[in-house]
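The numbers here are math on the coordinates, done by the rules we state, and not lab data. Please read these numbers as outputs of a predicted model, since none were measured by experiment. Glycine gets a Cβ as well: all are built from the backbone with ideal geometry, and neighbour counts include every protein chain shown.
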Amino acid sequence: MNDESLPADSDQSLPVSEDKAHEHNSGEFEYVDDLPDVVYHYTSLDAMTKIIETGTLWCTAISYLNDFSERQMVRSAVRVQLEILQKGGATIDPALSLIDDPYTHAGSRLSSFALETFVTSFGSNNDSLIHWRSYCPQHSGVAIGFKKEALKNARINEKPMPGMLSESIAFGRVTYLKHDDWKTINRIIMLAVDYATKSAMQASTMPDPYTLSDYFSMYIDRFAVASKQSAFEVESEYRLALFGLFGRENNLRFRTVRSTLIPYVEVFIPSTSSSVTIWDAIDSVTIGPTANMGLTARSVRAFLDIRGACDVKLLTSDVPYRDW
């Protein structure tokens with residue numbers, strides 16, 4: 001992260017709370033409403049310091065995540081079931097189809113990531129062995145507890161201008177699907193048909209490059225971002241998702257990971273209320289299994305206090321696990 005992205009006074013304290021400059025758009029997600037008050041982002045100690053100093057999280061392009069089947073699982077099931085519903089007499093336009101790239105009509109001026117979805121993940125448990133092993137480096141991991149109310153108002157880390165359209169960001173629970181969950185797939189298809197029909201009607205009075213199938217495919221992609229194969233259900237995952245950078249491509253960033261370059265976007269997590277003067281998006285920090293728990297806890301507590309996060313709870317892992 002470069003210094004230009006840091007909120008004011010970030011060298012001495014937590015990011016300063018600021019008023020929302022534009023309305024938040026949650027997007028169309030299949031997430032339920034009964035979300036936990038706090039969810040946990042597993043990361044390294046080094047990343048924790050940057051997150052707290054800047055008040056930002058990095059949302060990664062979904063096509064670069066570890067699970068290569070994400071998005072394709074839902075799209076494959078929809079493609080099969082859509083044809084069955086159309087042949088079975090359902091009230092669906094027989095010309096409607098799920099297209100591979102619903103954004104090809106947007107024009108060559110867009111980068112290939114302008115309409116990509118970017119996500120970052122959380123768990124419901126602050127001391128999970130599977131998360132320590134999967135998402136944290138050896139004996140230097142933490143689980144940062146983020147408040148739900150702060151995540152629901154996340155935005156791209158940019159200075160919003162008056163009248164600027166809000167980006168489409170949503171926070172919620174991942175849906176885990178079995179390969180034969182056709183009831184859910186059918187429901188999503190019908191919701192997508194309704195979304196596409198209404199979107200096409202609203203756009204009929206103005207120049208619009210998108211077709212009914214484009215709108216349908218966009219909605220399916222949004223649901224696919226919030227879905228994973230049931231084999232991953234033990235992760236109990238929640239996601240913060242940014243739906244594209246249309247008109248904001250200057251916010252695209254890259255980091256190197258082993259043999260490739262990973263695209264991501266910095267997303268600012270605001271305070272839970274505009275009335276507070278200190279950034280309060282974090283509830284707790286849990287230190288993962290480590291060979292130096294006492295020393296690590298002492299320094300993390302000092303780091304939090306110096307940053308003005310005296311009310312953030314500091315916890316330590318009880319998992320009897322050693323990787324050192």
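Structural remarks
- Compactness check for segment 40-316: Cα Rg over 2.2 N^0.38 Å is 1.12.
- Near-label residues of segment 120-150 by backbone N, under 14 Å of a point 7 Å along Cα→Cβ of Leu65: 120-123
- Of the residues Gly55, Cys310, Gly123, the one whose Cα sits farthest toward the positive end of the charge dipole of segment 40-316, with +1 on the Cβ of Lys and Arg and -1 on the Cβ of Asp and Glu, is Cys310.
- Using the average count of surrounding beta-carbon atoms within 10 Å as a protection proxy, the listed peptides 255-267, 119-131 rank, highest first, as 119-131, 255-267.
- Dipole orientation for segment 40-316: of the candidates Trp132, Met73, Phe113, Trp132 has the Cα lying most toward the positive pole (charges on Cβ; Lys, Arg +1; Asp, Glu -1).
- Under 22 Å from Lys50, Cα to Cα: lysines that are on another chain or at least 8 residues apart: Lys147, Lys148, Lys152, Lys159, Lys313
- The label point for Thr277 and the one for Arg258, both projected 7 Å from the Cα toward the Cβ, are 4.8 nm apart.
- Cross-link partners of Lys178 among lysines (Cα-Cα below 21 Å; sequence separation of 8 or more within a chain): Lys228
- Normalising the average separation of contacting C-alpha pairs (under 8 angstrom, six or more residues apart) by the number of residues puts the relative contact order of segment 40-316 at 33 percent.
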